[in-house]
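A short worksheet on the structure shown next.
The values are calculated or read from the model by the stated rules, or taken from the named source; none is laboratory data. A quick note: this is a predicted structure, and the numbers were derived from the prediction, not measured. FYI the Cβ positions are ideal-geometry reconstructions off the backbone, even for glycines, and counts take in every protein chain you see. Side chains included, ligands, DNA and RNA excluded: accessible areas come from the protein's heavy atoms. Shrake-Rupley method; radii C 1.70, N 1.55, O 1.52, S 1.80 Å.
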Amino acid sequence: MTDPGPSHQSLSEVDFRAVFRAELGWVCNTLRRLGVREADVEDAAHDVFVTFHRRLADYDPARPVRAWLGGIAYRVASDHRRRAHVRREIADDTIEVVDPQGGADDALAEKQTRALVLSALQEVQEERRPVLVLHDIDGIAMPAIAESLSIPLNTAYSRLRLARADFRRAVERLRAQEPA
């Protein structure tokens, strides 16, 4: 029998450290996709897990942990973007990732694709973006997303449909702007 993981444990069995270790990378990626600047991802992830720990007593073990963390991440990302106007630092969100397995052409194409996706995601309306990220990129079931965002299921599906259209238009526009 396989271990059902942290999302199916009873409340008394939830091990915060295990959830933190298992989900930190996912939370950081989700925050990036939700528009948190690279320089702020670590702080935002900290805020997600502080909130998670503080609200652990409210956790419903019938819900997947990722869906719950996704809802928290959405709220934290939204707060970080709202506070962005008071920042005075000059940010450089460029991250150089070197893949020892791939060639330079592959790494460049992957970097350009990643930048295109992240730029297009920023053009999806803020209320629609978490549904798109959590469902299409992270593979979380729509009922869990709707519950974690405290929205009706039909609203979640509507936001997903509209977010996909926003994303598609943004990708087309961004590709049209690329030099030939």
Which of the peptides 52-60, 39-47, 17-25, 125-133 is most tightly packed, and how do the rest follow, going by the mean number of other Cβ atoms within 10 Å of each residue? 125-133, 39-47, 17-25, 52-60
Per-residue HN-Hα couplings for the range 134-141 [Karplus 6.51, -1.76, 1.60; θ = phi - 60°; Hz; x = Gly/Pro]: 5, 7, 6, 8, 8, x, 7, 5
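Provide the FRET efficiency to the nearest 0.05 for the Glu172-Arg17 pair, computing r from the beta carbons and using R0 = 45 Å. Don't skip to the answer; put the middle values down first.
On the way: r = 44 Å, r/R0 = 0.98.
Given R0 = 45 Å and the Cβ-Cβ separation, E is 0.55.
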I want to check the label-to-label distance for Lys111 and Gln125. Put each point 7 Å from Cα in the C-beta direction and report it in nm to one decimal. 3.5
Quick one: with all protein chains in place, what share of the accessible area of the range 107-146 is carbon or sulfur, to the nearest percent (1.4 Å probe)? 55
